[in-house]
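> Sharing a structure here in structure tokens format.
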Amino acid sequence: MATRFDHDDDSVVVIIGSGAGGGTLANALAKKGINSVVLEAGKRYQMNDIENDEWEMFKKISWLDERITAGPRQLTETFPGLPAWIVKGVGGSTIHWAGVSLRFQPHEFKWHSEVGDIAGANLLDWPISYEELEPYYVKAERHMGVTGESTGMPYHQWNNNFKVLAAGAERVGYKQLRSGPMAINTEAYDDRARCMQAGFCMQGCRFGAKWSTMYTDIPRAEASGYCEVRPRSMALKIEHDDQGRATAVVYADGDGNQHRQRARAVCVAGNSIESPRLLLNSHSAMFPDGLANSSGQVGRNYMTHATSCIFGVMPKPVHMHRGTTFAGIISDEARLDPSRGFVGGYTLEVMSLGVPFFAKFMDPTNAGWGREITTALDKYDHLSGVWICGEDLPVETNGITLHDTKKDQHGLPVPVVYKGDHPNDEKLRRHGEQQARRCYEAAGAERIFKVPDFPTSHNVGTNRMSAKAQDGVVNQWGQTHDIDNLFISDGSQFTSSGAENPTLTIVALALRQADHIAERMQRQEL
């Protein structure tokens with residue numbers, strides 16, 4: 001029988017969100033015998049809900065509640081209500097992610113110390129170092145089943161898409177070429193099957209080879225008897241007592257009925273959009289600007305990575321759709337090297353799109369037609385694609401605010417997601433595009449082109465870590481500076497974006513936070 005906790009049970013940790021941060025945290029706390037209630041806004045999916053169909057899965061799992069895209073980028077016109085491509089469902093965006101599991105580099109934790117002040121950027125060092133997090137990187141890699149040294153699992157074989165890019169990259173002089181690390185099994189691991197190379201990683205892995213809290217951490221936490229997951233439960237407000245301690249979370253169930261779950265501690269893991277939105281919506285007489293916002297930093301410093309996507313039309317068929325979606329990574333440009341004209345680095349990650357997505361991404365407007373598009377579609381089987389994942393500097397004005405008048409189905413203000421480029425982002429992106437083109441030119445591409453930006457899947461910042469309370473929202477444990485028993489447990493606590501995909505770091509931080517919470521509970525501090 002599934003565990004059920006009473007709404008008045010104030011011994012539980014309430015976790016808001018069930019993805020990389022929340023799902024991992026729930027399982028880690030359950031292993032320590034700590035009770036938790038997970039509130040997940042989306043529904044619960046089963047394995048047989050996963051289809052190898054791009055648009056059907058996009059419509060099925062994406063967070064499509066109204067959000068407003070703002071800022072000077074083209075996304076405001078082409079995707080005005082979809083600034084980010086994330087999942088609403090038990091498992092969160094770990095259903096949708098590609099499995100790339102890169103560690104941050106040591107210098108990326110000490111960003112301000114490395115490069116100093118940069119006009120227009122809000123740089124800060126993380127209050128933790130790479131050395132402090134490294135043991136948890138190893139734990140996270142073993143926990144998720146990441147190919148490479150920590151698990152001993154071999155990397156994936158290179159697919160055609162990566163072979164094409166790699167051939168050009170080696171001629172350009174690049175040397176750091178790998179088909180991993182990835183949290184996608186190359187052999188049976190942790191009761192999950194090996195990858196079948198079906199090529200639908202972003203739609204959800206129907207074989208369970210890719211790590212996802214949907215079918216790992218969440219069911220295991222529930223099976224322990226220490227965790228209850230409540231799907232279709234949208235957190236509306238965090239309440240506090242006269243001493244300013246979090247006491248309960250008000251949420252709406254799938255029928256719109258409101259409930260109040262009392263809490264010993266609250267951990268917010270709703271992504272870099274919903275997490276600050278919830279804090280801002282939880283304003284009170286004691287916290288008029290929102291919870292944990294004495295610094296004014298809640299919702300600020302939103303980062304999405306400086307990205308671009310380049311395709312090459314090759315002389316012979318490539319069939320890029322075969323194999324894992326992000327089948328290989330080139331890390332030579334991830335270094336810190338200001339001599340290139342910008343700070344920060346980037347990775348080149350080979351990627352593929354199916355025909356339906358590719359046709360849409362060639363021209364996201366409804367006017368997409370003409371020879372340029374049709375000739376590219378005619379050559380679909382000859383295409384190779386690469387995505388640039390670059391350091392995106394924190395800018396204080398990039399962030400999440402609440403709309404003045406527009407309300408959602410629960411009566412809450414709709415979030416406005418503003419994102420513009422820092423000049424450094426533009427320089428980095430142009431360099432990445434140039435180098436990607438050089439790789440495809442060296443590989444003999446007949447035509448090279450980029451596609452317009454699409455909604456990002458990487459969302460970090462907006463509740464950042466800081467050593468001093470006036471600089472950020474949380475400390476080195478993800479604990480808010482202002483409220484002792486309120487934690488942030490997702491990528492919104494990132495102080496910088498790094499040149500790497502964020503999921504591995506989110507999981508490492510969640511495992512570390514679970515240890516911290518357990519120790520504090522043992523000392524009866526929580």
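The values are calculated or read from the model by the stated rules, or taken from the named source; none is laboratory data. This structure is a prediction, so every number in the text was calculated from the model and none was measured. Quick reminder, even Gly has a Cβ in these numbers, built from the backbone with ideal geometry, and neighbours come from all protein chains shown. When the accessible area is computed, the model is the full protein with side chains, heavy atoms only, and any ligands, DNA or RNA have been set aside. Shrake-Rupley method; radii C 1.70, N 1.55, O 1.52, S 1.80 Å.
> For region 391-419, enumerate the residues that are within 19 Å of Y302 (Cα to Cα), of a type in the set (G, A, S) and open to solvent by 10 Å² or more (accessible area, probe 1.4 Å).
none
> Taking only region 3-59 into account, find how many residues are touching a residue at least 24 places away in the same chain (Cβ under 8 Å) and either assigned to a loop (DSSP other than H, G, I, E, B) or at positive phi (or both).
Going through region 3-59 one residue at a time, the tally reaches 27.
> Got a sec? Which of R520, R430, R512, R464 is within 30 Å of P315 (Cα to Cα) and either touching a residue at least 12 places away in the same chain (Cβ under 8 Å) or out of contact with any helix residue (DSSP H, G or I) (no Cβ under 7 Å at 6 or more places or on another chain) (or both)? Even if it seems obvious, please write down each step before you answer.
On the way: R520 fails: within 30 Å of P315 (Cα to Cα); R512 fails: within 30 Å of P315 (Cα to Cα); R464 fails: within 30 Å of P315 (Cα to Cα).
R430 is the lone residue from the list that is within 30 Å of P315 (Cα to Cα) and either touching a residue at least 12 places away in the same chain (Cβ under 8 Å) or out of contact with any helix residue (DSSP H, G or I) (no Cβ under 7 Å at 6 or more places or on another chain) (or both).
> So, one more: Would you please name the residue that is nearest to P317 (Cα to Cα), looking only at residues in region 352-375 that are in contact (Cβ under 8 Å) with a residue 24 or more places away in the chain and among the aromatic types (F, W, Y)?
Result: F358.
> Moving on to the next point. Could you run through region 456-470 and say how many residues are over 20 Å from A20 (Cβ atoms) and either crowded, with 24+ Cβ neighbours inside 10 Å or out of contact with any His (no Cβ under 9 Å at 6 or more places or on another chain) (or both)? Quick ask: steps written out before the conclusion?
Initial filter on region 456-470 (over 20 Å from A20 (Cβ atoms)): 466-470.
Among the residues that remain, those that are also either crowded, with 24+ Cβ neighbours inside 10 Å or out of contact with any His (no Cβ under 9 Å at 6 or more places or on another chain) (or both) are: 467.
Residues meeting the conditions: 1.
> Report whether or not R322 is outside any loop (DSSP other than H, G, I, E, B) and either open to solvent by 10 Å² or more (accessible area, probe 1.4 Å) or charged (D, E, K, R) (or both). Show your work before the answer.
On the way: outside any loop (DSSP other than H, G, I, E, B): no; either open to solvent by 10 Å² or more (accessible area, probe 1.4 Å) or charged (D, E, K, R) (or both): yes.
No.
> Mind checking which strands (runs of 3 or more DSSP E) fall wholly inside region 361-467 and carry at least 3 residues that are of a type in the set (A, V, I, L, M, F, W, C)? Full working, then the answer.
Numbers: elements: 383-390, 399-407, 413-418, 447-451, 460-462.
Those strands (runs of 3 or more DSSP E) span 383-390, 413-418, 447-451.
> Another question about this same structure. May I ask you to list pairs of residues, at least six apart or on different chains, whose Cβ atoms are under 7 Å apart, with the first in region 252-267 being within 21 Å of L25 (Cα to Cα) and the second being among the acidic types (D, E) and not in a strand (DSSP E or B)?
Short answer, once both residue conditions are applied: R262/D8; R262/D9; R262/D10; A263/D10; R264/D10.
> Mind checking whether some residue in region 202-223 is without any contact (Cβ under 8 Å) to a residue 60 or more places away in the chain and part of a loop (DSSP other than H, G, I, E, B)?
Start the filter on region 202-223 by keeping residues that are without any contact (Cβ under 8 Å) to a residue 60 or more places away in the chain, which leaves 207, 209, 219, 223.
Remaining after also requiring part of a loop (DSSP other than H, G, I, E, B): 207, 209.
Checked region 202-223: at least one residue is without any contact (Cβ under 8 Å) to a residue 60 or more places away in the chain and part of a loop (DSSP other than H, G, I, E, B).
> If I ask for residues that are more than 27 Å from L348 (Cβ to Cβ), among the hydrophobic types (A, V, I, L, M, F, W, C) and either in contact (Cβ under 8 Å) with a residue 24 or more places away in the chain or not in a loop (DSSP other than H, G, I, E, B) (or both), which ones from region 97-133 would you list?
Answer for region 97-133, where residues must be more than 27 Å from L348 (Cβ to Cβ), among the hydrophobic types (A, V, I, L, M, F, W, C) and either in contact (Cβ under 8 Å) with a residue 24 or more places away in the chain or not in a loop (DSSP other than H, G, I, E, B) (or both): L124, I128.
> Provide a single number: the residues in region 252-290 that are open to solvent by 10 Å² or more (accessible area, probe 1.4 Å) and either β-branched (V, I, T) or assigned to a strand (DSSP E or B) (or both).
Total satisfying the criteria: 4.
> State all residues of region 337-360 that are assigned to a helix (DSSP H, G or I) and either at pLDDT below 90 or farther than 21 Å from Y174 by Cα (or both); if no residue qualifies, say none.
Pass one, region 337-360, residues assigned to a helix (DSSP H, G or I): 338-340, 355-360.
Correct list: V355, P356, F357, F358, A359, K360.
> Those residues that are surrounded by fewer than 17 Cβ atoms within 10 Å (Cβ to Cβ) and under 17 Å from R142 (Cα atoms), I need them from region 187-224; list them, please.
If the condition is that a residue be surrounded by fewer than 17 Cβ atoms within 10 Å (Cβ to Cβ) and under 17 Å from R142 (Cα atoms), then E187, A188, D190, D191, A193, R194 are the ones that fit.
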